[in-house]
Amino acid sequence: MTTTIVDVPFDDAEGVRLRAAMGAELFALFSDVQEREPVEPTAENVDAFVVARDAAGAAVGCGALRLLDDGTAEVKRMYVAPEARGTGASTAILRALEDRARARGVATVRMATTVRQPDAIRFYERAGYRRIETFGPYPVHPLGVYLTREIG
C-alpha cells in the first residue's frame, strides 16, 4: 500500500478523529488504571503532527512529536486504524516524525508505551528503539515501557 504523510495542525479534524479512535482502544485496555498521562499533548505543546493517508486519500493514522527540555523529542499519539495495520503506515509515520525531529536538531527520540501493548513494543524495537528506565515527566510505573533511539 502507498502511504502519504502530510503535516497538519494538531487540532485538524482527521487527527481529532484518529486520536478519538485511539482513545477508545486505550480505554478498553486501561479501564482499570486511574493514573493520567503526566503531560497531555495539545496544540500548544506539540511541535509536529502528521497524518498518514492511504492510496485513496483516506486518513488511516497519525503521530505527534513534542520537543523536551533536555534536547530530545518524544513521539506521542502514534496510531494506525486497525484496517491499515500491517500496510507500512506505522513505519511511514514513525520515520516522518524522526525526520521532523532531525530537522529541529534533535538526535534522540523517546516514547512511552505499556506492557499491555506488546505489538507496539515489538514494532518500536524492530524499528531500532531500545528500552530505557524512564525519561522526562514519566515516573517509573509497573505497566510502563520506555524506549529511545538515536537518530542523529
Checklist entry - Taking segment 70-115 on its own, how many of its residues are touching a Phe, Trp or Tyr at 6+ places or on another chain (Cβ under 6 Å) and of a type in the set (K, R)? => result 1
Next on the checklist: Quick check on E44: is it out of contact with any Cys (no Cβ under 9 Å at 6 or more places or on another chain), among the charged types (D, E, K, R) and without any contact (Cβ under 8 Å) to a residue 40 or more places away in the chain?
Outcome noted: yes
Checklist outcome for this item: Out of (1) buried (at least 16 other Cβ atoms within 10 Å of the Cβ); (2) outside any helix (DSSP H, G or I); (3) at pLDDT 95 or above, the one R131 does not meet is (1)
Checklist entry - Residues in segment 83-96: is at least one farther than 23 Å from A13 by Cα, crowded, with 19+ Cβ neighbours inside 10 Å and among the hydrophobic types (A, V, I, L, M, F, W, C)? => result no
Checklist entry - Any chance segment 13-31 includes a residue that's under 15 Å from A96 (Cβ atoms) and either in contact (Cβ under 8 Å) with a residue 12 or more places away in the chain or acidic (D, E) (or both)? => result yes
Checklist outcome for this item: Considering segment 58-105, residues that are touching a Pro at 6+ places or on another chain (Cβ under 9 Å) and aliphatic (A, V, I, L, M), and then whichever is modelled with the highest pLDDT, we arrive at A64
Checklist entry - Across segment 134-150, what is the total count of residues that are surrounded by fewer than 17 Cβ atoms within 10 Å (Cβ to Cβ) and at pLDDT 95 or above? => result 1
Item to check | Contacts under 6 angstrom Cβ, first residue in segment 65-94 being outside any strand (DSSP E or B), partner of a type in the set (K, R), 6 or more apart | outcome: T72/R110
Next on the checklist: Among the listed residues V46, V8, identify the single one that is modelled with pLDDT of 95 or more, closer than 18 Å to F135 by Cβ, surrounded by 15 or more Cβ atoms within 10 Å (Cβ to Cβ) and not basic (K, R).
Outcome noted: V46
Item to check | Residue among V106, V140 that alone is more than 25 Å from A24 (Cα to Cα), in a loop (DSSP other than H, G, I, E, B) and not acidic (D, E) | outcome: V106
Checklist entry - How about segment 3-39: which of its residues are in a loop (DSSP other than H, G, I, E, B), more than 18 Å from L143 (Cα to Cα) and in contact with a Lys or Arg (Cβ under 9 Å, 6 or more places away or on another chain)? => result T3, F10
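The values are calculated or read from the model by the stated rules, or taken from the named source; none is laboratory data. The structure displayed is predicted, hence computed values, not measured ones. Every residue, glycine as well, gets a Cβ built from its backbone with ideal geometry; the counts of neighbours run over all protein chains shown.
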